[in-house]
Each structure stands twice: as structure tokens, then as C-alpha cells.
1. Tell me, yes or no, whether region 139-158 has at least one residue that is in the same structural domain as Thr106 (by TED's automatic domain parsing), surrounded by 21 or more Cβ atoms within 10 Å (Cβ to Cβ), under 16 Å from Gln184 (Cβ atoms) and at pLDDT 95 or above.
2. Can you name the residue in region 85-97 that is farther than 17 Å from Thr115 by Cα and surrounded by 17 or more Cβ atoms within 10 Å (Cβ to Cβ) and is also farthest from the chain's Cα centre (by Cα) among such residues?
3. Within region 187-215, work out how many residues are under 26 Å from Leu140 (Cα atoms), touching a strand residue (DSSP E or B) at 6+ places or on another chain (Cβ under 6 Å) and either polar (S, T, N, Q) or in the same structural domain as Leu248 (by TED's automatic domain parsing) (or both).
4. Anything in region 104-122 that is under 21 Å from Pro224 (Cβ atoms) and of a type outside the set (S, T, N, Q)? List them, or say none.
5. With the condition being within 23 Å of Thr212 (Cβ to Cβ) and out of contact with any Gly (no Cβ under 6 Å at 6 or more places or on another chain), I'd like the helices (runs of 4 or more DSSP H) fully within region 87-178 carrying at least 1 qualifying residues.
6. Within region 198-235, work out how many residues are surrounded by 24 or more Cβ atoms within 10 Å (Cβ to Cβ) and assigned to a helix (DSSP H, G or I).
7. Would you mind stating whether Leu190 is under 17 Å from the mean Cα position of the chain (by Cα), under 16 Å from Ile123 (Cβ atoms), among the hydrophobic types (A, V, I, L, M, F, W, C) and at pLDDT 95 or above?
Amino acid sequence: MKIIFPELTTNPIVKEACQSFPDTEFIPADNLDHAAKILKDNQADSIITGIDYPTRDVILAFKEHIPLKSDYFSSCFICEKNDQILAIADGGVIKQPTKEQLFTITEDTAKTFQTFTGEQPRIAMLSYSTYGSGGKNPDLEKIDFVIAKIKQTHPDWLTDGEMQLDAAVNPQVANKKTPNSPLQGSANILITPDLNSGNILYKSLEQFGGYTIAGPIIQGFTIPLADLSRGSTVKDIILTIKVILKQLKKE
């Protein structure tokens, strides 16, 4: 496998992380456009970048040179701590998703998670309330649309909502708030209603929860891509490379 890392020769954190993968060839690039062009010319299999570039610049370079395979592109984060792995979306790209965008975010994130872990997706559509307990919410229509469509297109996935975070991941709380939920407080994919909540959630896990974070993993393009947070650590980059390699091997 060949992965382009524009910051390979300039960032010591990137250099250290790449040393953990002696069987993978990492290719430097002069800038984001150069990296995208190398990929477009079939001289590499993927790009991981972003530790020294803003997300906006990364996405613009990807959009200019790489075609889409989904209706929309989005992002997810793979969060790992001990033996627990969670996926969170969208915390990096789509600010206020429509119901169609939210469905694509959910579907692509579940596929990313399943490819990396081999586990059944257990998807919680998050909100400030559970099953409408907080009153009318404009996001409820979108969530109901996504749940219905996921059940139709992926009946083997477990999907429920809307629900608060504690009901999604804590079996004791779920027993009180959502006793009939198929998730039973064991969600492994957390879909947030907007970019604000998604970004805050993943950074909270990172900064306060001690999770290692891969990504953002950029979804929806014909090639697996990643846009690192500029606060990424060596462990974060190593996990990101592992996620991208799993996606490449599947293809």
C-alpha cells in the first residue's frame, strides 16, 4: 500500500507514526494539490493529511481532484480506549445536515465502523431528549427519516433514537429511559444532529475521556481519505493509518 502524507518530511509527529508501519510506503508531497494530483494519477492508494492544514483547505483539494461515490461526502471519527471502539459523526464536515445528508452520514459511518471492527453497527441518533421527551424538535423529522430508511436498507443494523447520550451508552440509564430499545445502552455508533455537537463530543472524549482519535475519516469519495486534527498525537495518527489500511484492504 502507498499512502501520501504531505507533511511526512516536515512534521516529526508524522514521521514517528509512520515508522510503526514498515510494510506501508508513505509518500511526501509539496502541498495538498500536489498530493491530490499524485493520487489522481494512480501513483498512490490514499491520502492522510491535515495535521498542518485547515480542514477547509484539505476538503477543497479532495473535491477538486477526487470523484464522489456517495451522494454526499462527510466525516467520522473512530474513537478507541482500551477495548472499546466508537464511531462519531459528523464532527468535521457537514454543519447542518438535511435528512438526506444525515442518512448518508449514518450509512457511511456505519460502513466505516464495520470495515474497521467487523462488528455489527449499533447506531444511536443523538439528541438533547429521548423519544420526544424534550418536546417538539425540528431534528426529530430528520432522525425519524434516517431510522426508517436504515431499517429498510440495512435491516441487520440496530438503529434507534432520538435519544440522549447516556441512554445510548449506559445500560442502567437505558433500562430506565429506553427499556424496549434494541440498543440497550450499548451503542457503538453515535450520530449527532449537527457539526457543533459532533465536534464537541469527539473533542470531549479526546481531551477528558482519554480516547485515541482517528480522523476525521473523510467519507463518500471513491478513495479512502483522512484529514487529521491539527491537535493529533502520534497515537491518533497510528490509529488513523490503521483505519485507512483496513479500508484499502477491503477494496
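The values are calculated or read from the model by the stated rules, or taken from the named source; none is laboratory data. Bear in mind the structure is a predicted one, so any value in this text is a computation, not a measurement. Glycine also receives a Cβ, built like all others from the backbone with ideal geometry; neighbour counts cover every protein chain displayed.
1. Within region 139-158 (the criterion being in the same structural domain as Thr106 (by TED's automatic domain parsing), surrounded by 21 or more Cβ atoms within 10 Å (Cβ to Cβ), under 16 Å from Gln184 (Cβ atoms) and at pLDDT 95 or above), the answer is yes, since at least one residue qualifies.
2. Among residues in region 85-97 that are farther than 17 Å from Thr115 by Cα and surrounded by 17 or more Cβ atoms within 10 Å (Cβ to Cβ), the one farthest from the chain's Cα centre (by Cα) is Pro97.
3. Qualifying residue count for the region: 2.
4. Matches in region 104-122: Ile105, Glu107, Asp108, Ala110, Lys111, Phe113, Phe116, Gly118, Glu119, Pro121.
5. The helices (runs of 4 or more DSSP H) meeting that bar are 99-117, 165-169.
6. 2
7. Yes, satisfied.
Yes or no, residue by residue, for (1) more than 13 Å from Ile47 (Cα to Cα); (2) without any contact (Cβ under 8 Å) to a residue 24 or more places away in the chain; (3) more than 12 Å from the chain's Cα centre (by Cα):
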{"position": "Glu206", "(1), (2), (3)": "yes, no, yes"}
{"position": "Tyr211", "(1), (2), (3)": "yes, no, yes"}
{"position": "Pro216", "(1), (2), (3)": "no, no, no"}
{"position": "Gln219", "(1), (2), (3)": "no, no, no"}
{"position": "Pro224", "(1), (2), (3)": "no, no, no"}
{"position": "Ile241", "(1), (2), (3)": "no, no, yes"}
